[in-house]
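Student: Before I ask anything, here is the structure I am working with.
The values are calculated or read from the model by the stated rules, or taken from the named source; none is laboratory data. The structure displayed is predicted, hence computed values, not measured ones. Note that we place each Cβ from the backbone using ideal geometry, even for glycine, and neighbour counts take in every protein chain shown. Ligands, DNA and RNA are excluded from the accessible area calculation, which covers all protein heavy atoms including side chains. Shrake-Rupley method; radii C 1.70, N 1.55, O 1.52, S 1.80 Å.
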Amino acid sequence: MVVKVYGPAYASPKRVMVCLAEKGIEFETVPVDLIKGENRNPEFLKLQPFGSLPVIQDGDYTLYESRAIIRYYAEKYKSQGTDLLGKSIEERGVVEQWLEVEAHNFHPPIYDMTIQILFASKLGIPSDEKLIKESEEKLGKVLDVYEKRLSESKYLGGDFFSLADLSHLPFTQYLVGPMGKEYMIRDRKNVSRWWDEISNRPSWKKIMQF
């Protein structure tokens, strides 16, 4: 059964897609246009009552929230493809810790920057320069913590690529690409080295084509 991933044009669904690629799981995509409000259609709301992306359908199993989805597939297919969780419960704990850091420390400021810089005009709202500045400052402080961590470890979760790293790919791509803020990565030697490592993985190059 081929997995269906809804909303491939956006960052959070790409988090799921790169996980599936790392695990060697076949998938197909279903476009959802947020700007046109297709996520508010009754049929979509039956799958995701909050109207957010992504959603996956795997046979008769439906799941939403990108980090829940990547945890599900990393566990279900642990012995297939790249092991994204670690070999011991201790390694898994560290991976989970940094996945939570991504969700609660890294994601909020970079998400605000993404909306204000890339999507505000498309949504017909003025961008908030004060929020952009505050969010960049918050993100910089998070990246300073990453710089220290990555001076001690090849990847965030340890010496192996894991969900903790993978989860950063889509929004950091916005940061270094269309947002024009690559300096936030390049000004930090270890973060820069880490970004080059994870963004050059074949799985991510494949997903970048969507």
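Student: Of SER66, SER135, SER12, which is the most mobile in a GNM of the chain whose springs link Cα atoms less than 10 angstrom apart?
Tutor: The residue with the greatest mean-square fluctuation here is SER135.
Student: Once both labels are modelled 7 Å past Cα along the beta-carbon direction, what's the GLU197-GLN80 spacing in nm?
Tutor: According to this spin-label approximation, the distance is 2.7 nm.
Student: For volume of the Cα convex hull per residue in Å³, the listed values are [x] 117; [y] 222; [z] 126; which was obtained by calculation from the structure presented?
Tutor: [x]
Student: Enter the accessible area per residue of segment 1-94 (Å², integer; probe 1.4 Å; all protein chains in place).
Tutor: 50
Student: Let me ask something else about it. Work out how much length LEU131 to ALA103 would gain on full extension: take 0.36 nm times their residue separation and subtract the Cα-Cα distance, in nm to one decimal.
Tutor: So the extension gain works out to 8.2 nm.
Student: Now a separate question. Of LYS154/LYS189; LYS23/LYS87; LYS14/LYS87; LYS4/LYS87; LYS14/LYS78; LYS14/LYS36, which sit over 18 Å apart, Cα to Cα?
Tutor: Over 18 Å Cα-Cα: LYS14/LYS87; LYS4/LYS87; LYS14/LYS78; LYS14/LYS36.
Student: Using R₀ = 30 Å, calculate the FRET efficiency as 1/(1 + (r/R₀)^6) where r is the Cβ-Cβ separation of LYS36 and GLN209; round to 0.05.
Tutor: That pair, LYS36 with GLN209, gives E of 0.85.
Student: Comparing ILE115, ILE70, ILE125, which has the greatest mean-square fluctuation in the GNM of the chain with Cα pairs linked when under 10 Å apart?
Tutor: Highest fluctuation among the options: ILE125.
Student: Now a separate question. Run through segment 1-80 and list the trypsin sites (Lys or Arg not before Pro) located in a DSSP loop whose Cβ has at most 16 other Cβ atoms within 10 Å.
Tutor: Within segment 1-80, the qualifying trypsin sites (Lys or Arg not before Pro) (loop, at most 16 other Cβ atoms within 10 Å) are LYS36, LYS78.
Student: Please work out the Cα center distance from segment 142-210 to segment 12-45, rounded to the nearest Å.
Tutor: Using only Cα atoms, the two centres lie 22 Å from each other.
Student: Another question about this same structure. Between ILE89 and THR29, what is the label-to-label distance in nm when each label sits 7 Å out along the Cα-to-Cβ direction?
Tutor: 3.9
Student: Given labels modelled 7 Å from the Cα in the Cβ direction, how far is it in nm from LYS148 to LYS46?
Tutor: 5.1
Student: Going by the alpha-carbon gyration tensor, a ≥ b ≥ c the square roots of its eigenvalues, is segment 143-210 rounded (a/c under 1.5) or, if a/c is not under 1.5, prolate (a/b greater than b/c) versus oblate?
Tutor: oblate
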